[in-house]
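Scroll down for the structure; my scribbles are underneath it.
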Amino acid sequence: MTNATTSGAPMVHADRVSKSFGSNEVLKSISLSVPQGEVMCLVGPSGSGKSTFLRCINHLENVDAGRLSVDGVLVGYEERGDKLYELKPREAARQRRDIGMVFQRFNLFPHMTALENIIEAPIRVNRVKKDAAMAKGRELLAQVGLAEKEDAYPAHLSGGQQQRVAIARALAMEPKLMLFDEPTSALDPELVGEVLDVMKGLAESGMTMIVVTHEMGFAREVADQLVFMDGGVVVESGDPDEVLGNPQHERTRAFLSKVL
Amino acid sequence: MAAARSDRSATPAQVSPNGVDQAEAIKAIRLRHPWRNVIAVILVAMLVLFLVDASQREAYGWANFGKYIFDQRISQAAGYTLLLTVYSMVIAIILGVTLAVMRLSDNPVVKGIAWLYLWVFRGTPVYVQLVFWGLFATIYSTIDVGIPFTEPWLSFETSDLISVFWLAVIGLALNESAYMAEIVRAGILSVDKGQDEAATALGMSWMQTMTRVVIPQAMRIIIPPTGNEVISMLKTTSLVTAIPFSLELYGRSRDISVVIFDPIPLLLVASAWYLLFTSILMVGQYFLEKRFSRGVGQARPEKAGTETGAISVKTGVITTPGEASDSSTDPSGKEHR
Ligand SMILES: Nc1ncnc2c1ncn2[C@@H]1O[C@H](COP(=O)(O)OP(=O)(O)O)[C@@H](O)[C@H]1O
Ligand SMILES: [Mg+2]
């Protein structure tokens, strides 16, 4: 599953990244680093900029300041000489292909079956042959425990099943990095476990992952690094057991007392 | 359910034979509506009177109606009416999609031009527009190909290049495209933004996202009002006499009536044909609306008995059209023109 890349270099590296919407500064000089093959959990209160940060990583948003790179390549810009050039849409799309994203509200394509959802991008974007894409798609459905559901439309799947299809859809592009934006927040409590299990399996297989979540149990068990964000800044980060067990900042404590 | 029943059987004393304790059905005297009946009788009587009178009235010229209803010139004219409808709707839909996409563009100039187009074509009567198209060859007597303000390479007589029929098609299509643009725009806006985002995040281009993800979902919103537009267009074709193009139903029956000095039966002939076509289209429209008002997406009932099939779908991810972020334009509720 893991792509052999330049070892040592972090998969995601953010160096004083800032982002504003109008006068609202949503990300304030964020610096962090996710090594290849590791899992980072990003936690924090609503509105603290977690989603925006994920969206910057796959260039659904532009960063205003600082440097953000994935696998050693600058996101959204090209550096030539001492100037930065904005990427053409086609080049930006090429960068996104290698980054899988899973959304809170699944965002499966409702007019396509589970299997069609999965093979759409490999066929259209990566020009994979249909047969090969379908074989791979079935394999992925089996991996997320939904081999039986390839012909089901999203409306006929439970939330947990939809989210697992969404994960399979992202994996079909063979990404080197997976971003999860509150993947279980829209699920009924009894369906959370099945999605987290799939994510655990993925982490064990060596996938580099950034997971925005309120599931502290998952963070403690799976994350190599836990980052607490509030008001657009990284308040605290480190080993999950450390941060959760012995938070150093008042804001972290206040937040954790609400979610734990 | 089963649990409730077994609870009941624990106290068998009050249970009736079918297992449910039922009250006696109400046998009340039905409330009478005397005025309703009176009004109905009056209305029916008036209608019958009118029909009897109409069937005997000279001026309707039923003999001529019978003579011309299946006249070959009339059925050919009906063919022209259908051609005008089909060609102008096809062009209007293509142009309408283009204009809708232009209106949703980030480029203010592109957006502005689309807005200007809609402003002009929705802000003037279609009849007046058609008269203008009729004068097209007068306004632009030649069409020149070349570099502006230099001697043209090629020069065509406009009247040789575009027939009156095509002027009629263009006139109808350009007017209609302004309305189609609003319908398509409402359809595109009805698709959840998350769909766009998911497609983009998968590396799909704007064009792929539009054609594979957004438009297929927008269709559910776009198709029913488009059916209405077709019906409306069929009737609007009668205005192309303004061009003047007169080989379609209304123009043709007018021309015949001038020759035989009997306008009324031919108006009835034309009306009968219009009614036939609109009735067929309305039946089609009925089924279209039934088809497209169904539940969510293009979901089909899944084969029963698979896995934990009973898990609820109430986490409802798929947005319904009503959730459109910008639903200021109601495609069906447009003003009359
Ligand atoms: N597209 C946008 N335009 C304007 N403001 C935005 C946009 N996206 C997010 N924001 C603002 O950025 C802030 C952070 O949002 P978000 O990244 O979604 O936070 P989180 O995911 O941590 O809840 C919020 O105040 C939100 O209103
Ligand atoms: Mg968020």
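A few comments on the model shown:
- Unmet requirement for A:Glu25, which otherwise passes all of (1) within 13 Å of ligand 1 (Cβ to nearest atom); (2) touching a Ser or Thr at 6+ places or on another chain (Cβ under 9 Å); (3) at positive phi; (4) of a type outside the set (S, T, N, Q): (3)
- Pair list, Cβ < 6 Å and 6+ apart or interchain, from the range A:152-164 residues that are facing chain B (nearest Cβ under 7 Å) to residues that are of a type in the set (Ser, Thr, Tyr): A:Tyr153/A:Thr113; A:Gly159/B:Thr315
- All positions within the range A:134-149 that are within 14 Å of chain B (Cβ to nearest Cβ) and over 15 Å from A:Ile167 (Cβ atoms): A:Glu148
- Filtered by the rule that a residue be touching a helix residue (DSSP H, G or I) at 6+ places or on another chain (Cβ under 7 Å) and away from ligand 1 (no atom under 16 Å from the Cβ), the range A:8-22 gives a lone residue, A:Val12.
- So A:Leu179, is it within 30 Å of A:Thr113 (Cβ to Cβ), within 16 Å of ligand 1 (Cβ to nearest atom), of a type in the set (A, V, I, L, M, F, W, C) and within 21 Å of the chain's Cα centre (by Cα): yes
- Residues of the range A:5-39 that turn out to be over 21 Å from A:Met199 (Cβ atoms), part of a loop (DSSP other than H, G, I, E, B) and polar (S, T, N, Q), as a count: 4
- Any pair with Cβ under 6 angstrom, 6 or more apart, that starts in the range A:198-217 at a residue that is closer than 16 Å to A:Val34 by Cα and ends at one that is within 16 Å of ligand 1 (Cβ to nearest atom): A:Ile210/A:Met40; A:Ile210/A:Leu179; A:Val211/A:Cys41; A:Val211/A:Phe180; A:Val212/A:Leu42; A:Val212/A:Lys50; A:Val212/A:Asp181; A:Val212/A:Glu182
- Filtered residues of the range A:53-97 (kept if small (Gly, Ala, Ser), free of Cβ contacts under 8 Å to residues at least 60 places away in the same chain and farther than 16 Å from A:Val26 by Cα): A:Ser69, A:Gly76, A:Gly81, A:Ala92, A:Ala93
- A:Ile118 under 20 Å from the mean Cα position of the chain (by Cα) and in a helix (DSSP H, G or I): yes
Residue-wise test of (1) within 14 Å of another protein chain (Cβ to nearest Cβ); (2) within 14 Å of the chain's Cα centre (by Cα); (3) charged (D, E, K, R).
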residue: A:Glu25; (1), (2), (3): no, no, yes
residue: A:Ser31; (1), (2), (3): no, no, no
residue: A:Val34; (1), (2), (3): no, yes, no
residue: A:Ser48; (1), (2), (3): no, no, no
residue: A:Tyr85; (1), (2), (3): no, no, no
residue: A:Pro89; (1), (2), (3): yes, no, no
residue: A:Arg97; (1), (2), (3): yes, yes, yes
residue: A:Met112; (1), (2), (3): yes, no, no
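For every residue, the table says whether it meets (1) more than 16 Å from ligand 2 (Cβ to nearest atom); (2) of a type outside the set (S, T, N, Q); (3) modelled with pLDDT under 95; (4) under 22 Å from the mean Cα position of the chain (by Cα).
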{"residue": "A:Val211", "(1), (2), (3), (4)": "no, yes, no, yes"}
{"residue": "A:Gln225", "(1), (2), (3), (4)": "yes, no, no, yes"}
{"residue": "A:Val235", "(1), (2), (3), (4)": "yes, yes, no, yes"}
{"residue": "A:Val243", "(1), (2), (3), (4)": "yes, yes, yes, yes"}
{"residue": "A:Asn246", "(1), (2), (3), (4)": "yes, no, yes, no"}
{"residue": "A:Arg251", "(1), (2), (3), (4)": "yes, yes, yes, no"}
{"residue": "A:Ser257", "(1), (2), (3), (4)": "yes, no, yes, no"}
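- When the helices (runs of 4 or more DSSP H) confined to the range B:175-265 are screened for residues that are within 14 Å of chain A (Cβ to nearest Cβ), those reaching at least 3 such residues are found at B:193-201, B:215-236.
- Check on A:Val165, touching a strand residue (DSSP E or B) at 6+ places or on another chain (Cβ under 9 Å) and not acidic (Asp, Glu): no
- Options A:Cys56, A:Cys41: the member that is within 16 Å of ligand 2 (Cβ to nearest atom) and touching a helix residue (DSSP H, G or I) at 6+ places or on another chain (Cβ under 6 Å): A:Cys41
Conditions (1) modelled with pLDDT of 95 or more; (2) not aliphatic (A, V, I, L, M), marked per residue:
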| site | (1), (2) |
| --- | --- |
| B:Gly79 | yes, yes |
| B:Ala92 | yes, no |
| B:Ile143 | no, no |
| B:Gly146 | no, yes |
| B:Trp153 | no, yes |
| B:Ser163 | no, yes |
| B:Leu172 | yes, no |
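The values are calculated or read from the model by the stated rules, or taken from the named source; none is laboratory data. Computed from a prediction, not measured in an experiment: that's the story for all the values here. Glycine gets a Cβ as well: all are built from the backbone with ideal geometry, and neighbour counts include every protein chain shown.
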